[in-house]
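Chemist: Take this structure first; my questions come after.
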């Protein structure tokens with residue numbers, strides 16, 4: 001657990017890689033991802049940001065995150081040899097946690113190397129060290145990231161059926177998410193699978 005878990009203050013300034021928060025006259029500089037930058041309010045507005053204080057020898061760097069998923073992925077990346085906090089933040093700027101986890105679970109080295117800061121060797125190392133953990137996380141999670149309006153059991157059955165046909169989990173999850181967003185994630189299992197296949201094809 002980080003010494004500073006979150007900060008609430010007034011946004012003094014922001015850029016795609018940094019944000020400065022004014023907290024009672026003290027201004028904190030936070031290193032952030034582009035995804036966090038995109039959800040920040042305009043300058044002068046109040047904001048609450050999850051944080052992690054990285055301490056190493058004479059270095060004190062504060063990192064900010066838009067949500068717990070992003071911070072958790074940051075921690076996981078930091079456990080991997082050769083990936084430091086700055087590199088982890090660069091990776092977060094090039095992807096989102098759900099998409100990244102899907103790529104790891106699929107062992108998709110090629111798609112990982114598209115993300116800035118990840119070469120082939122690093123991609124393989126990340127897959128080796130994080131694949132099993134992410135697979136366990138997904139197995140323990142029941143909702144698969146879908147809204148409460150979705151029939152979770154039906155969604156999981158549809159996902160399993162599509163993956164058994166040879167489609168990758170990240171591709172399947174994206175299609176099912178698209179169906180949910182468009183209000184088409186309804187009906188029986190066969191109907192949902194048919195709709196998903198139509199979008200894949």
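The values are calculated or read from the model by the stated rules, or taken from the named source; none is laboratory data. As the structure is a prediction and not an experimental result, all values here were calculated from the model. In this analysis, Cβ positions are derived from the backbone assuming ideal geometry, glycine residues included, and neighbour counts consider all displayed protein chains.
Chemist: Among the residues of the stretch 12-37, how many are surrounded by 12 or more Cβ atoms within 10 Å (Cβ to Cβ) and assigned to a strand (DSSP E or B)?
Modeler: The number of residues fulfilling the criteria is 14.
Chemist: Just the residues that are in contact (Cβ under 8 Å) with a residue 40 or more places away in the chain, within 20 Å of residue 93 (Cβ to Cβ) and surrounded by fewer than 19 Cβ atoms within 10 Å (Cβ to Cβ), please, taken from the stretch 118-135.
Modeler: Quick first cut of the stretch 118-135, residues in contact (Cβ under 8 Å) with a residue 40 or more places away in the chain only: 122, 125-126, 129-130, 133.
Adding the requirement that they be within 20 Å of residue 93 (Cβ to Cβ) leaves 122, 125-126, 130.
Once the filter is applied, which keeps residues that are in contact (Cβ under 8 Å) with a residue 40 or more places away in the chain, within 20 Å of residue 93 (Cβ to Cβ) and surrounded by fewer than 19 Cβ atoms within 10 Å (Cβ to Cβ), the stretch 118-135 yields only 125.
So that you can scan it fast, the table gives a plain yes or no per residue for (1) under 12 Å from the mean Cα position of the chain (by Cα); (2) free of Cβ contacts under 8 Å to residues at least 40 places away in the same chain; (3) within 30 Å of residue 171 (Cα to Cα):
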residue: 16; (1), (2), (3): no, no, yes
residue: 47; (1), (2), (3): no, yes, no
residue: 78; (1), (2), (3): no, yes, yes
residue: 107; (1), (2), (3): no, yes, yes
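Chemist: Whether any residue in the stretch 150-160 is surrounded by 12 or more Cβ atoms within 10 Å (Cβ to Cβ), under 30 Å from residue 82 (Cα atoms) and at pLDDT below 80 is what I want to check.
Modeler: No, the stretch 150-160 has no match at all.
Chemist: Somewhere in the stretch 38-57, is a residue buried (at least 16 other Cβ atoms within 10 Å of the Cβ) and closer than 25 Å to residue 125 by Cα?
Modeler: yes
Chemist: For the stretch 95-105, give me each residue that is in contact (Cβ under 8 Å) with a residue 60 or more places away in the chain and closer than 20 Å to residue 65 by Cα.
Modeler: 96, 98, 99
Chemist: How many residues are in a loop (DSSP other than H, G, I, E, B) and either surrounded by 19 or more Cβ atoms within 10 Å (Cβ to Cβ) or at positive phi (or both) when one looks only at the stretch 83-114?
Modeler: So the count comes out to 3.
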